[in-house]
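Okay, so here's the structure we're looking at.
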Amino acid sequence: MNSETLNTLDSYSKNKYKYGFVTEIDSEKPKKGLDEDTIRFISLKKNEPDWMLEWRLKAFSKWKKMKEPKWANLNFPEIDYQDIYYYSAPKGFDKKPKDLSEVDPKLIETYNKLGIPLEEQKVLAGVAVDVVFDSVSVATTYKGELEKLGIIFCSIGEAIQKHPDLIKKYLGSVIPAGDHSFSALNSAVFTDGSFVYIPEGVKCPMELSTYFRINAENTGQFERTLIIADKGSYVSYLEGCTAPKRDDNQLHAANVELIAFEDAEIKYSTVQNWYPGDEDGIGGIYNFVTKRGLCAGKNSKISWTQVETGSAITWKYPSCILKGDNSIGEFYSVAITNNFQQADTGTKMTHIGKNTKSKIISKGISLGKSQNTYRGEVSFLRKADKARNYTQCDSLLVGNQCGAHTVPYIDSKNNTAVIEHEASTSKINEDQLYYCRQRGLSHEEAVSLIVNGFCKQVLQELPMEFAVEAQKLVSISLEGSVG
Amino acid sequence: MNIQDNYLKNKKNIFFSENKDIQSHREKLINIFENDRFDKKNNESLKNINLKNFIDFKYKYLIPEEKSVINNNEKNSYSIVSINGQCSSYKDDKIEITKILDEDYNDFSKNDIIENNDHFVNLNSLFLNSGFKIVIKKNNNIKIKISNIITDDDLTIFQKNNYICEEGSSLNLIEEYENRNNSTSNILNVIKLEKNSKLNHFLIQDNSPNHNLIITTHSSCKNDSTYTQKVYNFSEGYVRNFHYSELIEANSEADLQGIFFLKDNNTSNNKTFVKHLAEDCKSNQVYKGILNDRSKATYFSNTHVDQVAQRTEGYQLSKGVLLSDNASYFSKPELKIYADDVKCSHGSTIGPIDENAIFYLRSRGMSKIAATKILISSFINEELSSIDNEQMSEIINKKLVRYLSKVK
């Protein structure tokens, strides 16, 4: 988030809420479990047209026949899909904490370390003070500016109502509903997410973030995002927030689809810091995310940057299908696991077009009793002449009870394509530690400094202000496990 | 005929079939095959294999008895001609060779270490019909050359060999597989290296297109022992090289290397798997492949470092050169690390021959083919020049020249 927006937020938050009334919040809850009725209920609640309901039901019938993918290096109890609420209406005020003093002090401590302003903390912690600042009007200001350029940026629900043609054409075109069981599940029950359309030749002037979108609350559980960049356009999209967020929903299965046409570029940055469970590995979010970008046109580019520090289980492979000639796919990732966290993350680069290029930089850091796996596939199909890939994945182990794993899949069917992969695993260099400590840094500070240096290659790909916060986040994630 | 029928039909002829323990174990294996019929989709190691040859084998199963030849022509040097997977017993003060039948069944029937996740090893335990055991006695320095010959067409050999290198011994083992007939060999080598022993294992594979070779090695190394394996695959038929190595005691080393040369429609599947189970061990895995025409290859390598295996050094490297549009190479170099004080790395490259290098040579008056050939030779030169056995390097150079003559 840049400083300008922070100032705007600040000034708005000082103003008292102009419209002093509170809407009664509908506390209707659907029943637990997943069947056709649940899907009909969701579709009805979202006021969706019939074709959307049909689409969901089709996905559901596919999901019923599917099994969860089992190849990941993860250990977790079987998910009982019938024991989950699939539509969570906004919570009533009476259940929310009334004051920051009622919020878990640990959470507040982390907010302070990240340097999040007090007012924002209240929103993040879900404090029920009327409305702390009028996020709606902030968002509308931005929205006006975007509309002038012809950019569509709204919730996916709104897009289904207002832009059915685009949705019909592109939703599920990169990640088909039947791709695997989590994508089918998401397609059947998704409730929120973003829709972005950048028209031909437009460079989006600001970083788009869910934070400024109306209904940004309660994103989460089954998020569906679709970003379309038309010819010659550019967009940078930020997902998530460095601030830790508590969420009651244990299962998360988001789908994100990106489509870049000729000469278009999409930059997608994520900071994921969901609740990872406590020190004993109890609780925490299961995060099963499918992210896929299609470089449909010539010279298009898709770049994924992710900082993964949260969730008990991370299952995530942002990938690129490089279909257009000369298209470029990039993947930068930092994954930090602590305590009993498990992460199986990586990417998939499928080279179809000529002269396509991809670059993968992955940094994994494991601490405590965690397991951190990089899993990446690079494949060159027959027609990918002169395609090029460079992969580097480094792992750092801190402590002798964690595990770091690297599982690359490399497949070449073209004899002009060049593929390079290198990986290394080691512990923190004793000499570097010694050097830092000699200059007066504590052990913990020294480790944090070295780890930040280890991740620098990836962190510098993040938008500026985000990168600063991410650096702090890296240090916080290391806390308590070093020494 | 499928595996189950084959088993029932040949039950009586399979080794140790009278033993009840083994019988019940084999019934279990049969069940595995029934439940998990070679599932290509979920088992990457079955990529590119023409399974028909192995599942519905119509081959002759009963092997004709032929006398093998053991020569001790030079001091400390033996040459063995093993016929149809068999070797007669032999004994002197340095080595001891035992035919499989004379031996306690325990040594040959149990393949638990690798079984269950490898169907071809399961097949071997199920249909075992030949094999031998070689013991190198304490503190001896021995050279052995084994030529594996199959006499009849349509034979199916399920062979298991046990090698034991006793304390302080050193063995130079050269195995040759050169068969011209239409048959299948499924060979499992189980190697035990005692304290301070050393084994240099060379495998030269050069079979005709209709001979299928499946070779699996499992070596385990104790204190200060070293296992070095070099595989040279010039075969025109299908070859599967799966090599497992376990470093079970401190200061041991495993070095698994291989080069394969493929052309036409040939395929080859390769795997190396090193398990570090003790401190201060070293491992190295290097595979290089040259693929021409419509050939296909896979290479899986895996370094597993256990929590206790501190100060481990493990390196992997895989390199592939694709000479034609239709060749394909799949590589999966895997690292699984549970200890923190380790130095592990892997590298993998696949690509064509460097165009700049070709340009350089051509600008000095060389034809394109000559330049290509020179660059292929230099690609594997490091491996070839490290062979310290003159006779061996001569054999391999000849085969390399033969391969290069077909490159256009």
Count, please, the residues in segment B:178-224 that happen to be open to solvent by 40 Å² or more (accessible area, probe 1.4 Å) and touching an Asp or Glu at 6+ places or on another chain (Cβ under 6 Å).
-> 8
Total residues in segment B:177-226, condition assigned to a loop (DSSP other than H, G, I, E, B) and among the hydroxyl-bearing types (Ser, Thr, Tyr) = 4
Within the bounds of segment A:251-274, is there any residue that is hydroxyl-bearing (Ser, Thr, Tyr) and over 18 Å from A:Thr225 (Cβ atoms)?
-> no
Scanning segment B:289-308 for residues that are open to solvent by less than 10 Å² (accessible area, probe 1.4 Å), more than 17 Å from A:Arg382 (Cα to Cα) and under 19 Å from the mean Cα position of the chain (by Cα) gives B:Gly289, B:Ile290, B:Tyr299, B:Ser301, B:Thr303
Which ones in segment B:317-328 are within 9 Å of chain A (Cβ to nearest Cβ) and over 13 Å from A:Ile419 (Cα atoms)?
-> B:Leu323, B:Ser324, B:Asp325, B:Asn326, B:Ala327
Open to solvent by less than 90 Å² (accessible area, probe 1.4 Å), modelled with pLDDT of 75 or more and closer than 30 Å to A:Tyr374 by Cβ: does that describe A:Glu68?
-> yes
Residue tally, condition of a type outside the set (D, E, K, R), modelled with pLDDT of 85 or more and buried (at least 17 other Cβ atoms within 10 Å of the Cβ), over segment A:199-231 | 7
Qualifying residue in segment A:429-441 (condition: of a type outside the set (A, V, I, L, M) and within 7 Å of chain B (Cβ to nearest Cβ)) = no
Any idea which of A:Gly297, A:Gly277, A:Gly310, A:Gly324 is surrounded by fewer than 24 Cβ atoms within 10 Å (Cβ to Cβ) and more than 23 Å from A:Pro205 (Cα to Cα)?
-> A:Gly277
If only one of B:Phe261, B:Phe242 is touching a Phe, Trp or Tyr at 6+ places or on another chain (Cβ under 9 Å), under 25 Å from B:Glu382 (Cβ atoms) and buried (at least 22 other Cβ atoms within 10 Å of the Cβ), which one is it?
-> B:Phe261
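Listed here are the residues, each with its yes/no results for (1) within 17 Å of A:Asn429 (Cα to Cα); (2) modelled with pLDDT of 80 or more.
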position	(1), (2)
A:Ser442	yes, yes
A:Glu445	yes, yes
A:Leu449	yes, yes
A:Val458	no, yes
A:Leu462	no, yes
A:Phe466	no, no
A:Gln471	no, yes
A:Leu478	yes, no
For B:Tyr338, are the conditions met, namely being among the hydroxyl-bearing types (Ser, Thr, Tyr) and touching a Phe, Trp or Tyr at 6+ places or on another chain (Cβ under 6 Å)?
-> no
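What about A:Asn355, is it more than 27 Å from the chain's Cα centre (by Cα), more than 10 Å from chain B (Cβ to nearest Cβ) and free of Cβ contacts under 8 Å to residues at least 60 places away in the same chain?
yes
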Given the structure, is B:Asn269 assigned to a strand (DSSP E or B) and either more than 22 Å from B:Ser386 (Cβ to Cβ) or within 11 Å of chain A (Cβ to nearest Cβ) (or both)?
-> yes
Quick one: which residue in A:Asn400, A:Asn389, A:Asn414, A:Asn452 is within 14 Å of another protein chain (Cβ to nearest Cβ) and over 29 Å from A:Thr290 (Cβ atoms)?
-> A:Asn400
Of all residues in segment A:323-349, which are in a strand (DSSP E or B) and either more than 21 Å from the chain's Cα centre (by Cα) or under 23 Å from A:Gly453 (Cβ atoms) (or both)?
-> A:Glu330, A:Phe331, A:Tyr332, A:Ser333, A:Val334, A:Ala335, A:Ile336, A:Thr337, A:Ala343, A:Thr345
Could you say whether any residue in segment B:14-28 is modelled with pLDDT of 70 or more, among the hydroxyl-bearing types (Ser, Thr, Tyr), within 20 Å of B:Asn129 (Cβ to Cβ) and surrounded by 12 or more Cβ atoms within 10 Å (Cβ to Cβ)?
-> yes
B:Asp293 being within 13 Å of chain A (Cβ to nearest Cβ), out of contact with any His (no Cβ under 6 Å at 6 or more places or on another chain) and more than 20 Å from B:Arg240 (Cα to Cα) | no
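The values are calculated or read from the model by the stated rules, or taken from the named source; none is laboratory data. Not measured: the values here are computed from a predicted model. No Cβ is skipped: glycine too gets one built from the backbone with ideal geometry, and neighbour counts run over all protein chains shown. Side chains included, ligands, DNA and RNA excluded: accessible areas come from the protein's heavy atoms. Shrake-Rupley method; radii C 1.70, N 1.55, O 1.52, S 1.80 Å.
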